[in-house]
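Input: a single structure, listed below in structure tokens.
The values are calculated or read from the model by the stated rules, or taken from the named source; none is laboratory data. In this text the structure is predicted, and so the values were computed from the model without any measurement. Note: ideal-geometry Cβ built from the backbone for every residue, glycine included; neighbour counts use all protein chains shown.
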Amino acid sequence: MRTPFIAANWKMNGTRSEVAALLDGFKSGISTESRQVAVFAPFVFLPAVQDALQGTGIAWGGQNAHTADSGAYTGETSLAMLKEFGCQYVLVGHSERRTLFGETDYIVADKVEAALAAGVTPVLCIGETLQEREQGITGEVCRRQLSTVLDQVGVEGFRKLVVAYEPVWAIGTGKTASPEQAQETHAELRAYLAETDADMAAQLQILYGGSMKAANAAELMAQPDIDGGLVGGASLKVDEFTGICNAAA
Ligand code: PEP
């Protein structure tokens with residue numbers, strides 16, 4: 001009942017010609033008949049992404065946004081600007097934003113609220129560090145990250161967003177959580193949200209992120225509580241990303 005959703009996070013990668021080649025490959029290689037697909041591109045490439053993907057069924061979004069509509073925020077990009085370039089989605093709270101750019105749970109919650117108000121679907125990223133996993137506090141950390149947002153946007157807000165569970169130790173490291181490890185956390189988080197609203201929790205798409213590739217995607221996405229993937233490194237290779245998308249059923 002939950003549609004699989006696969007998202008490419010290009011991070012700060014790509015040249016004009018590389019982006020054009022990726023988009024060509026995605027357009028010809030990915031079927032969106034029974035799945036949702038989105039590309040999170042660096043801001044400067046959004047016009048090219050819009051030109052290429054318009055009408056294909058593949059959506060796109062920004063990797064971050066500011067909460068204000070406009071103003072004196074040098075270097076920032078507003079949700080209104082993303083919308084002008086056709087973005088349906090925005091990534092919020094990616095672990096690189098949290099660790100490298102100081103985004104706290106509260107900043108993340110503000111951004112989710114602003115995205116919902118602007119009509120842009122937030123993909124809320126959460127996940128524990130290696131140290132937190134080793135301390136046995138994975139569930140506690142992820143529940144805190146979720147509950148800060150839930151307190152702010154409520155069940156109705158949560159009905160309109162997507163969650164990506166990305167164990168920080170698995171991002172860009174080649175270390176994928178095993179399907180069982182990922183499923184365990186996804187199920188635990190869904191059960192936690194069900195304590196607040198069972199229907200919202202049942203329909204929420206929870207994606208897995210962390211070194212997903214064509215070779216491990218099918219097994220991860222076959223888990224009952226894993227509804228797709230947020231893909232970094234492998235989304236920069238046409239064969240890998242199309243393989244992941246086409247493995248989602
Ligand atoms: C990510 O950046 O969200 C991610 C999951 O990266 P990678 O697939 O490279 O681990």
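The residue pairs whose first member lies in segment 145-173 and is of a type in the set (Lys, Arg), whose second member is outside any strand (DSSP E or B) and away from the ligand (no atom under 16 Å from the Cβ), and whose beta carbons are closer than 8 Å, counting only pairs six or more residues apart or on different chains, are 159/200; 159/203; 159/204; 160/116. Close contacts from segment 18-34, counting a first residue that is over 20 Å from residue 247 (Cβ atoms) and a second that is part of a helix (DSSP H, G or I), with Cβ to Cβ under 6 Å and a gap of 6+ residues or different chains, come to 19/45; 19/48; 23/52.
Restricting segment 83-105 to residues that are buried (at least 19 other Cβ atoms within 10 Å of the Cβ) and among the hydroxyl-bearing types (Ser, Thr, Tyr), the residue that is farthest from the ligand (Cβ to nearest atom) is 89. Looking across segment 159-212, the residues that are surrounded by fewer than 23 Cβ atoms within 10 Å (Cβ to Cβ) and aromatic (Phe, Trp, Tyr) come down to 169, 192. Taking residue 115 as the residue in question, decide whether it is crowded, with 20+ Cβ neighbours inside 10 Å, in contact with a Cys (Cβ under 8 Å, 6 or more places away or on another chain) and closer than 28 Å to residue 82 by Cα. So residue 115 does not fit the description; no. Taking segment 4-51 only, how many residues are part of a strand (DSSP E or B) and either touching a Cys at 6+ places or on another chain (Cβ under 8 Å) or modelled with pLDDT under 95 (or both)? The qualifying residues number 2.
What do you reckon, is residue 201 under 18 Å from the mean Cα position of the chain (by Cα) and free of Cβ contacts under 8 Å to residues at least 24 places away in the same chain? Criteria met by residue 201. Of all residues in segment 219-239, those satisfying the criterion of being in contact (Cβ under 8 Å) with a residue 60 or more places away in the chain, part of a helix (DSSP H, G or I) and within 12 Å of the ligand (Cβ to nearest atom) are 233, 235, 236.
Residue-wise test of (1) at pLDDT below 95; (2) within 10 Å of the ligand (Cβ to nearest atom); (3) within 16 Å of residue 125 (Cα to Cα).
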| position | (1), (2), (3) |
| --- | --- |
| 145 | no, no, yes |
| 156 | no, no, no |
| 161 | no, no, yes |
| 164 | no, yes, yes |
| 185 | no, no, yes |
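In the condition set (1) surrounded by fewer than 18 Cβ atoms within 10 Å (Cβ to Cβ); (2) modelled with pLDDT of 95 or more; (3) more than 16 Å from the ligand (Cβ to nearest atom); (4) not acidic (Asp, Glu), residue 1 is compliant with all but (2).
Taken together, 110, 69 contain a single residue that is acidic (Asp, Glu) and either within 16 Å of the ligand (Cβ to nearest atom) or within 17 Å of residue 123 (Cβ to Cβ) (or both), which is 110.
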